[in-house]
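Structure record follows, encoded as structure tokens.
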Amino acid sequence: MSEKIDQIVEELKTLTLLEASELVTKIEETFGVDASASAGPAMVMAAAAPAEDVEEKTEFNLMLDEVPADKKIAVLKVVRSLTGLGLKEAKELVESAPKQVQEALGKDAAEDGKKQIEDAGGKASLT
């Protein structure tokens with residue numbers, strides 16, 4: 001494809017579903033065509049795809065959702081290693097679950113932290 005077409009496609013990827021719908025309407029009005037008759041389900045899929053791309057997150061917050069009483073010490077150790085908090089602060093964080101442990105992490109780091117908490121017996125999630 002030409003560079004111009006590639007550039008247009010990249011810009012289309014950034015559209016929300018509402019913006020894609022407005023674009024289809026504008027193209028129909030401008031060129032006197034009916035996209036629903038010619039494209040059918042393919043057009044719906046094309047309009048939905050950009051919204052999914054936009055929603056892909058690059059930063060995650062690690063949440064400590066639940067800590068069973070018998071796993072509290074193990075989870076406390078993991079929380080301390082992840083956050084660098086002192087014993088008192090980490091204990092308060094663990095006891096106040098559900099609570100955010102870390103914020104704005106990359107996907108790999110967030111998943112690693114979640115796995116560490118779960119391996120210690122706690123329940124964690126990414127938001």
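The values are calculated or read from the model by the stated rules, or taken from the named source; none is laboratory data. Keep in mind the model is a prediction, meaning the values are calculated, not measured. So basically every Cβ, Gly included, is an ideal-geometry build from the backbone, and we count neighbours across all protein chains shown.
Within the range 69-87, track down each residue that is of a type outside the set (G, A, S) and loosely packed, with under 12 Cβ neighbours inside 10 Å. Give the steps one after another, and end with the answer.
We begin by selecting, within the range 69-87, every residue of a type outside the set (G, A, S); these are 70-73, 75-80, 82-83, 85, 87.
Scanning the range 69-87 gives D70, L87.
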Which condition from (1) at pLDDT 90 or above; (2) in a loop (DSSP other than H, G, I, E, B) is the one that A97 breaks?
(1)
Do we find a residue being modelled with pLDDT of 85 or more and either touching a Phe, Trp or Tyr at 6+ places or on another chain (Cβ under 8 Å) or surrounded by 17 or more Cβ atoms within 10 Å (Cβ to Cβ) (or both) anywhere in the range 46-61?
yes
Exactly one condition in (1) within 15 Å of T58 (Cα to Cα); (2) exposed (fewer than 14 other Cβ atoms within 10 Å of the Cβ) is not met by E111; state its number.
(2)
